[in-house]
Every structure is written in C-alpha cells, then in structure tokens.
1. So which residues in the range 119-160 are of a type in the set (Phe, Trp, Tyr) and in contact with a Phe, Trp or Tyr (Cβ under 8 Å, 6 or more places away or on another chain)?
2. Has the range 157-176 got any residue that is surrounded by 16 or more Cβ atoms within 10 Å (Cβ to Cβ) and part of a helix (DSSP H, G or I)?
3. Are any of the residues in the range 168-183 over 20 Å from TYR227 (Cβ atoms) and touching a helix residue (DSSP H, G or I) at 6+ places or on another chain (Cβ under 9 Å)?
4. Which of the residues belonging to the range 219-243 are within 26 Å of the chain's Cα centre (by Cα) and not in a loop (DSSP other than H, G, I, E, B)?
5. Test each condition in (1) within 30 Å of ILE235 (Cβ to Cβ); (2) modelled with pLDDT of 80 or more; (3) outside the structural domain of ASP199 (by TED's automatic domain parsing) for VAL148 and report the one that comes out false.
6. Could you please find all residues in the range 124-138 being in contact with a helix residue (DSSP H, G or I) (Cβ under 7 Å, 6 or more places away or on another chain) and either among the β-branched types (Val, Ile, Thr) or in contact (Cβ under 8 Å) with a residue 60 or more places away in the chain (or both)?
Amino acid sequence: MAKKLSAQSVNSLKTYASAAAITLLCGGLVAAMVFGNSSLERRASAVLDPHEVIIDMVWPAARAEADSQAAADKTPRTWMPLACREQILSLAKTAASPSSDLLKAEQLSRISKALEQSGWFAKLPLITRKPGGVIRVDGQWRIPAANVRHANQSYLISWDGRPMPTGVETSLSIFDPAVGPPRDSTGDRDFTRPWGGEDVAACLELLSKLSVQPWLGQVQGIDASQYAKSGTLIIVTDNNTKVVWGGRPSKPALGEVSTSQKLEHLRQLVKDTKRIDANYPLIYINQERLQFDISATATAIRLPEELAAKIADSEDDAGR
C-alpha cells in the first residue's frame with residue numbers, strides 16, 4: 001500500500017511545480033521577445049525599400065552673404081560644395097549598408113563612426129531614425145580655416161587644428177610649418193589628431209584675430225617658418241610683402257608690445273597708407289615704434305610725408 005504523503009511533502013511539491021511553471025513561462029516570454037523582435041525586424045525591413053538607404057543630412061549653415069543667393073537658386077543653404085556633399089552622403093550610405101540592417105542599432109553606430117573619422121565632424125554626430133526609413137545625421141561640423149603649405153603640398157585645416165579632406169576653398173594659408181600633417185599607422189592623414197607642433201596652432205590663433213578685421217583682404221596668410229627657432233610669426237600680404245608680428249597673440253615674446261598694440265599699429269598703417277605693409281617689402285610691428293626695411297624700395301616708393309617723418313624720427317632716435 002502506498003504511503004500517504006505528509007502535508008509538508010505536498011507543500012514542497014507544489015512549490016517545485018510553481019517554480020518550474022514560472023521558469024517555463026519566463027523562458028517562453030524571452031524566446032517570444034527575441035524571435036518575435038527578429039520576426040518584426042524582418043517584416044519591417046521587407047516593407048522598406050531594400051535597394052536604397054535614405055540619408056537626411058543636416059548640412060552646416062551657409063554664410064550670411066551667400067544665404068540669399070542659395071535661396072534664390074533653391075540649393076541647400078550651406079557653404080559645403082556639392083561635390084563634398086555627394087562624397088559625404090556616399091560615405092554614410094556605404095557605412096549604412098546593407099539596407100536589411102535598417103532597424104539595427106549597429107547600423108547607426110557604423111554611420112556615426114565613419115563620419116567622425118572622415119574629417120568633416122568635430123565629434124561623433126548624432127544619428128537617429130525617422131519615419132519612412134529615413135536616417136537623420138546631425139552633428140558639429142568642422143569649419144575650414146586655412147590651407148597649410150608644407151613640403152610643396154597643400155592641406156586643408158580646420159579652426160580646431162585638425163586636418164580636413166580637400167574640396168573646400170579658403171583664401172588664407174599657413175606657410176612652412178616645422179612638421180607635416182599627422183599620419184595614421186597606414187601613412188594616411190589622420191583627421192582625428194591635431195597638427196603637431198605649436199607653430200600651426202599659433203598661426204590659427206593669429207588668423208582668428210585677423211579674420212575679424214576690415215582689412216583681412218590684404219592678408220594672404222602666416223609664415224610659420226621662423227616660429228620653431230625664434231617664436232616669430234610673420235604676416236604675408238596679398239602683395240607678397242611681410243609684416244613681422246612676433247609671438248603668438250596669447251603669448252607675446254619678451255620685450256614685445258601687446259597684441260592689442262600690434263593691431264593698433266596695423267590700424268594706423270591702414271589709416272595712413274591704406275595698406276597694412278605701408279607699401280614696404282618688410283615692416284616690424286612688434287615694437288613700440290614701427291620699423292621699416294626700405295632697402296629694396298628706397299628709390300621706388302614715395303610715402304606720404306607724415307609717415308616719412310615718422311620713419312625719420314624713428315631713425316634719429318635710434319642714432320642718439
């Protein structure tokens with residue numbers, strides 16, 4: 001005859017049965033979520049166009065002077081040239097492929113990383129999905145600052161000091177820095193690292209000061225060739241003349257006048273002669289008194305009498 005189970009044994013069996021039922025139920029829910037989501041992704045992807053990824057790129061805003069023309073031409077209001085826009089869109093679409101990944105988070109991550117490494121963005125752009133299978137890209141764009149001329153090559157650089165891809169025109173240049181652009185392990189330009197050495201950073205700092213001046217059109221760029229040796233920056237004008245600026249704006253060299261005084265010298269020169277170089281091949285604005293090199297133009301250039309008198313006074317003071 002079978003033994004009658006005690007009340008304690010019955011309760012234990014009920015507990016084990018309940019635990020087993022809960023385990024099976026949870027397992028079933030997890031499986032349903034995993035396989036159900038996969039099924040949902042496949043069904044949603046099938047509804048979307050399997051042959052094209054739609055990228056909605058938020059382009060950098062146009063400069064104010066070009067904005068009205070862009071509106072009239074019905075083109076995107078951006079300073080980014082069409083060829084560059086096409087390249088960036090192609091890069092984003094390549095990173096997004098295949099289109100069957102349209103609902104996977106890895107796809108957005110691939111796009112973000114590819115665009116950050118492209119040299120066009122200052123940091124990882126924000127990638128989000130929009131209705132209709134659209135992928136929206138919004139980020140902080142790098143702004144072209146100057147062309148860096150090194151070893152007979154020209155490299156575009158942004159205001160944050162990092163190299164950029166070619167394709168955007170800029171009128172300013174940095175001439176002959178001590179080292180070339182940063183390179184990655186394969187020897188290609190590394191768009192994620194700042195240009196090595198202090199000279200390029202110093203040139204960008206000076207260009208940012210000059211870029212807001214009304215006479216910026218007279219500036220061709222900054223000669224960095226003397227910076228590593230003596231800490232001297234030289235402004236190169238549109239006439240290929242030179243204006244010796246001296247130390248970087250945030251760190252004037254010992255014995256130099258302040259950055260504000262240097263700018264005041266330039267303002268006075270423009271007022272008196274209409275030129276930041278006073279029509280001389282070489283001038284120095286880093287001292288209390290302006291110094292002019294007249295060796296190449298002593299008989300060829302006639303200066304306003306007032307400025308000529310200033311130069312004479314300076315020479316007399318130096319001879320005493």
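1. Listed by number, the residues that qualify are TRP120, PHE121, TRP141.
2. Checking the range 157-176: not a single residue is surrounded by 16 or more Cβ atoms within 10 Å (Cβ to Cβ) and part of a helix (DSSP H, G or I).
3. yes
4. Selection gives VAL219, GLN220, GLY221, ILE222, ASP223, TYR227, ALA228, LEU233, ILE234, ILE235, VAL236, THR237.
5. It is condition (3) that VAL148 fails.
6. Those that are in contact with a helix residue (DSSP H, G or I) (Cβ under 7 Å, 6 or more places away or on another chain) and either among the β-branched types (Val, Ile, Thr) or in contact (Cβ under 8 Å) with a residue 60 or more places away in the chain (or both): ILE127, ILE135, VAL137.
Conditions (1) among the aliphatic types (A, V, I, L, M); (2) in contact (Cβ under 8 Å) with a residue 12 or more places away in the chain; (3) not assigned by TED's automatic domain parsing to the domain that holds ARG248, marked per residue:
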| site | (1), (2), (3) |
| --- | --- |
| SER97 | no, yes, yes |
| ALA105 | yes, no, yes |
| ALA122 | yes, yes, yes |
| ASN152 | no, no, no |
| GLY167 | no, yes, no |
| SER173 | no, yes, no |
| ASP176 | no, yes, no |
| PRO181 | no, yes, no |
| ASP190 | no, yes, no |
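Let's see how each residue does on (1) modelled with pLDDT under 95; (2) more than 22 Å from ILE157 (Cα to Cα); (3) in a loop (DSSP other than H, G, I, E, B):
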residue: LEU206; (1), (2), (3): no, no, no
residue: GLY217; (1), (2), (3): no, no, no
residue: TRP245; (1), (2), (3): no, no, no
residue: LEU263; (1), (2), (3): no, yes, no
residue: ILE283; (1), (2), (3): no, yes, no
residue: ASN286; (1), (2), (3): no, yes, yes
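The values are calculated or read from the model by the stated rules, or taken from the named source; none is laboratory data. Just so it is clear, the structure is predicted and the values come from calculations on it, not from any experiment. Neighbour counts are summed over all protein chains in view; Cβ atoms, including those assigned to glycine, are modelled from backbone coordinates with ideal geometry.
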